[in-house]
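The values are calculated or read from the model by the stated rules, or taken from the named source; none is laboratory data. Fair warning: this is a prediction, and the values are worked out from it, not measured in the lab. Virtual Cβ from ideal backbone geometry, glycine too; neighbours counted across all protein chains shown. For accessibility, only protein heavy atoms count, side chains too; no ligands or nucleic acids. Shrake-Rupley method; radii C 1.70, N 1.55, O 1.52, S 1.80 Å.
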Amino acid sequence: MDAEWEKRIAAAWATLDSYGEDGGAEFRAVIDGLAAELPDGDPVGLFERAGAFDSTGHSDRAVPLYQKALDRGLDGYRRQRTAVQLASSLRNVGRAEEGAALLTAELEKGPGELEDALRACLALCYASLGREREGLALVLEALAPHLPRYQRSMANYARALVADTPA
């Protein structure tokens, strides 16, 4: 895998919407072709294949590929992407508790580029589990630093949502 391959995979993903609703198999074939250029069982190839299934409505087929990618040592930015995407797929197939556990573990590893996305996906898992207040608190915590004003107030409201006390 090199910079040229990375450009080609990014270009392939940029065309996803051009395939239309019935073009999932065609799109997956493009991603499969690029993934096949990597060594057999490469975690990046597994991740890309999983993403192709996920993005074309097959979360059930994506889950095992995401899990293999993590098991085979996917790291860095793609590991965080995998955590977000796998947790979302787990939620889609009725396994939100597993998704929440995965995201919580990833967040405990420390800050990363996708921390807000991890929190947003965790909020969705919480909503699926009937824990909407905790989910809303996560979203407010993620949003607060990006606001031009009211960061402190929103952070306080987020804490109050899970503490069951008025802000």
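Which residue is nearest to LEU65 (Cα to Cα), if the candidates are limited to the range 3-36 and must be outside any helix (DSSP H, G or I) and open to solvent by less than 90 Å² (accessible area, probe 1.4 Å)?
Among residues in the range 3-36 that are outside any helix (DSSP H, G or I) and open to solvent by less than 90 Å² (accessible area, probe 1.4 Å), the one nearest to LEU65 (Cα to Cα) is ALA36.
Output the residue which, of all residues in the range 46-62 that are part of a helix (DSSP H, G or I) and more than 14 Å from the chain's Cα centre (by Cα), is surrounded by the fewest Cβ atoms within 10 Å (Cβ to Cβ).
Checked the range 46-62; the qualifying residue surrounded by the fewest Cβ atoms within 10 Å (Cβ to Cβ) is ASP60.
Has the range 74-82 got any residue that is in a helix (DSSP H, G or I), of a type in the set (A, V, I, L, M) and farther than 19 Å from ALA12 by Cα?
No - not one qualifying residue is present in the range 74-82.
Applying the selection to the range 110-151, what residues are of a type outside the set (Phe, Trp, Tyr), outside any helix (DSSP H, G or I), farther than 14 Å from THR82 by Cα and touching a helix residue (DSSP H, G or I) at 6+ places or on another chain (Cβ under 9 Å)?
Within the range 110-151, LEU129, ARG131, LEU147 qualify.
Taking the range 21-44, which residues are in contact (Cβ under 8 Å) with a residue 24 or more places away in the chain and either in contact with a helix residue (DSSP H, G or I) (Cβ under 6 Å, 6 or more places away or on another chain) or under 17 Å from ARG79 (Cα atoms) (or both)?
Hits for the range 21-44 are PHE27, ARG28, LEU34, LEU38, GLY41, ASP42, PRO43, VAL44.
Please go through (1) more than 27 Å from VAL139 (Cα to Cα); (2) more than 14 Å from the chain's Cα centre (by Cα) for LEU65 and return the number of the only condition it doesn't satisfy.
If we test LEU65 against (1) more than 27 Å from VAL139 (Cα to Cα); (2) more than 14 Å from the chain's Cα centre (by Cα), just (2) comes out false.
Is it true that ARG78 is modelled with pLDDT of 95 or more and more than 22 Å from VAL162 (Cβ to Cβ)?
Working: modelled with pLDDT of 95 or more: no; more than 22 Å from VAL162 (Cβ to Cβ): yes.
Answer is no for this residue.
Consider the range 121-142. How many of its residues are without any contact (Cβ under 8 Å) to a residue 24 or more places away in the chain and surrounded by 15 or more Cβ atoms within 10 Å (Cβ to Cβ)?
The number of residues fulfilling the criteria is 8.
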